[in-house]
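Here is the structure we will look at, set down as structure tokens.
The values are calculated or read from the model by the stated rules, or taken from the named source; none is laboratory data. Since this is a predicted model, take the numbers as computed values, not measurements. Methodologically, a virtual Cβ is constructed for each residue, glycine included, from the backbone with ideal geometry; neighbour enumeration extends over all protein chains shown.
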Amino acid sequence: MRGRKKRTPSGNRAERAAQAALPNLKGCRLPSGPDGRELKQRPSLRRCETVQPCIERTEEQPYTTWADLKWHAVEGNVRRLQERLYRATTNKAWRRVKNLQKLLVRATSNQRRAIRRIPQENQGKHTAGIDGVVYDTPEARWRLFQEDLSLKGYKPRPVKRVSIPKDNGKQRPRGIPMCPAYCLSFQDVWE
């Protein structure tokens with residue numbers, strides 16, 4: 001079909017150029033407002049105007065003490081990540097599994113939960129490790145959280161060896177790790 005012309009869109013060249021500069025928003029979500037709902041496009045906007053979302057970076061964390069944390073939300077965040085990881089594993093989506101594992105290990109909710117379980121709820125919460133530090137107050141636990149429990153550059157330290165008497169009179173050896181190292185190992189993915 002040699003004689004057929006290309007079909008050109010209606011309108012002048014300036015209108016077509018302005019329309020081509022707009023991003024294709026088909027299938028995209030609109031920016032969300034402060035209450036979390038999606039913003040509706042206002043009919044007063046022309047096609048060449050776009051709505052820019054207001055993105056504001058927070059410099060400080062909203063919580064300032066250990067008692068201010070909402071533990072129900074922390075447990076829910078970790079539970080949701082673990083459920084997503086379980087579903088990805090059952091679907092054999094291994095790339096997603098790897099990414100979710102990294103996300104779960106780096107999540108602040110997981111770090112907070114580990115610090116709460118080890119030095120606050122654990123049976124040996126008053127036992128010091130090889131460093132001799134016990135995190136028995138909320139302020140000490142908050143400082144432990146602020147120390148940034150990350151696996152980057154982590155090198156495990158030796159454990160404190162203690163012998164515990166058994167019923168038959170013999171001794172049973174036991175290793176007591178430092179609290180930060182134990183919290184890092186507790187951030188396990190498969191609980």
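For this structure, a couple of remarks:
- Segment 123-140, subset of a type in the set (Ser, Thr, Tyr) and within 28 Å of the chain's Cα centre (by Cα), residue farthest from Lys160 (Cα to Cα): Thr137
- Any hit, segment 61-83, residues being part of a loop (DSSP other than H, G, I, E, B), out of contact with any Ser or Thr (no Cβ under 9 Å at 6 or more places or on another chain), hydrophobic (A, V, I, L, M, F, W, C) and closer than 14 Å to Tyr182 by Cβ: no
- Within segment 133-148, residues that are surrounded by 13 or more Cβ atoms within 10 Å (Cβ to Cβ) have Cβ atoms under 6 Å from residues that are among the β-branched types (Val, Ile, Thr) in these pairs: Arg141/Ile115; Leu144/Ile115; Phe145/Ile115, counting only partners at least 6 apart in sequence or on another chain.
- Any hit, segment 127-138, residues being modelled with pLDDT of 90 or more and either in a loop (DSSP other than H, G, I, E, B) or among the basic types (Lys, Arg) (or both): yes
- Selection status of Ile176, β-branched (Val, Ile, Thr) and in contact (Cβ under 8 Å) with a residue 40 or more places away in the chain: yes
- Among (1) surrounded by fewer than 16 Cβ atoms within 10 Å (Cβ to Cβ); (2) over 19 Å from Arg84 (Cβ atoms), the one test that Asn99 misses: (2)
- Checked against (1) part of a helix (DSSP H, G or I); (2) loosely packed, with under 13 Cβ neighbours inside 10 Å, Tyr154 passes all but a single condition, namely (1).
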